[in-house]
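Enquirer: I am attaching a structure below and will ask some questions about it afterwards.
Throughout, read-outs are computed from the coordinates displayed, never taken from laboratory work. Because the structure is predicted, anything quoted here is derived from the model rather than measured. Cβ sites come from the backbone with ideal geometry, for glycine too, and all protein chains shown count toward neighbours.
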Amino acid sequence: MVPGIDLAGTVVASDDPRFRPGEQVLATGYDLGVSHWGGFAEQARVSADWLVKPPAGLSLREAMALGTAGFTAALSIVALEHHGLGRGDGPVLVLGASGGVGSVAVAILAARGFEVHAATGKPEEAPMLRELGATEVLTREETSAEPGRPLESERWAACVDPVGGAALAFALRSIRYGGAVASSGLTGGTDLHTTIFPFILRGVSVLGIDSVQTPMATRRAVWERLAGDLRSPALDHLTREITLDEVDAHLDDVLAGRGRGRTVVRVGG
Ligand SMILES: NC(=O)c1ccc[n+]([C@@H]2O[C@H](COP(=O)([O-])OP(=O)(O)OC[C@H]3O[C@@H](n4cnc5c(N)ncnc54)[C@H](OP(=O)(O)O)[C@@H]3O)[C@@H](O)[C@H]2O)c1
């Protein structure tokens, strides 16, 4: 199996009339790198149904700097806004804020004028998170703490949660009346220990976020927005570039919890 959940490049050959040689395309999710060879290769053969033409104004490098993580951050923000989140509603909590989904979410929310509070397990990343636009930085100890009671003070209007586990339970206990948590990830665990009180006493909602099977119409619309009103000028700041040979060592860092922001893998020369 060739891993790599994202890829972008130029069409070399196509059996499908929707795509012609020379056109730029990107793909994220579906079976890429899971049950179909993925993006860590110089060439890939994929279903035309998985391909998106990058929107005007978004380079392939920018698209991969966003990748599945940035796309998921955007899906989360779109879902929260669709739920009714507005700038005047109060601060938005972003969990796992130094990671891919988290850092892009901080950058997009701040660029859209939201007050952003970022939670991280890496105190050394606090300056980076403030540069992205977070006005408060919380520790992972606080946001993963065992519950003292079923509900805590109402602090945030909404939460972007790529962490899950105890952090999702914490968010549910402390979201303001009528708010929502966009739940996309599980770096903090798959179990959820909560009570029903956030739901029945505060009308809190959990919005499930899936980037892998997102229908193509939504996919195109969200990529358009990532090139438009969801564009963040800070994206370059949180992205670094490595070669294919450096992927192994980089993944060791990610598994050891030392991941930071986004990493673009340059597969060609
Ligand atoms: N639903 C979807 O479609 C979708 C799409 C993309 C990703 N995901 C999932 O979302 C999660 C995050 O993805 P990502 O691309 O952002 O990964 P990532 O770049 O590796 O970032 C994960 C971040 O989670 C935090 N973290 C790590 N271990 C933790 C722990 N034990 N407890 C709490 N937080 C921890 C860390 O941030 P801090 O040090 O700053 O706390 C880390 O940087 C993954 O579980 C991934 O599978 C789901």
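Enquirer: Does residue 73 meet the test of being more than 9 Å from the ligand (Cβ to nearest atom) and either surrounded by fewer than 16 Cβ atoms within 10 Å (Cβ to Cβ) or not aromatic (Phe, Trp, Tyr) (or both)?
Expert: no
Enquirer: Name the pairs: first residue in the range 124-144 and under 14 Å from residue 188 (Cα atoms) and near the ligand (Cβ under 10 Å from one of its atoms), second residue aromatic (Phe, Trp, Tyr) and assigned to a helix (DSSP H, G or I), Cβ to Cβ under 9 Å, at least 6 apart or on different chains?
Expert: 143/170; 144/170
Enquirer: To continue, here is another question. Does residue 196 satisfy the criteria of being among the aliphatic types (A, V, I, L, M) and more than 16 Å from the ligand (Cβ to nearest atom)?
Expert: Judged against the criteria, residue 196 is a match.
Enquirer: If I ask for residues that are over 21 Å from residue 246 (Cα atoms) and buried (at least 21 other Cβ atoms within 10 Å of the Cβ), which ones from the range 52-70 would you list? Quick ask: steps written out before the conclusion?
Expert: So in the range 52-70, the residues over 21 Å from residue 246 (Cα atoms) come out as 52-59, 70.
Within the range 52-70, just 70 meets the criteria.
Enquirer: Exactly one of these conditions fails for residue 117: (1) within 12 Å of the ligand (Cβ to nearest atom); (2) in contact with a strand residue (DSSP E or B) (Cβ under 7 Å, 6 or more places away or on another chain). Give me its number.
Expert: Just one mismatch for residue 117, condition (1).
Enquirer: Moving to a separate point now. Inside the range 109-192, counting only helices (runs of 4 or more DSSP H) that do not spill past its ends, which hold 3 or more residues that are farther than 23 Å from residue 260 by Cα?
Expert: It comes to 165-174.
Enquirer: Give the range 139-171 a look and list any residue that's over 16 Å from residue 76 (Cα atoms), surrounded by 19 or more Cβ atoms within 10 Å (Cβ to Cβ) and not small (Gly, Ala, Ser), or say none.
Expert: If the condition is that a residue be over 16 Å from residue 76 (Cα atoms), surrounded by 19 or more Cβ atoms within 10 Å (Cβ to Cβ) and not small (Gly, Ala, Ser), then 140, 143, 170 are the ones that fit.
Enquirer: Still on this structure, I have one more. Which one of these is among the aliphatic types (A, V, I, L, M), in a loop (DSSP other than H, G, I, E, B) and either over 18 Å from residue 108 (Cα atoms) or in contact (Cβ under 8 Å) with a residue 40 or more places away in the chain (or both): 230, 207, 201, 251?
Expert: The conditions single out 230.
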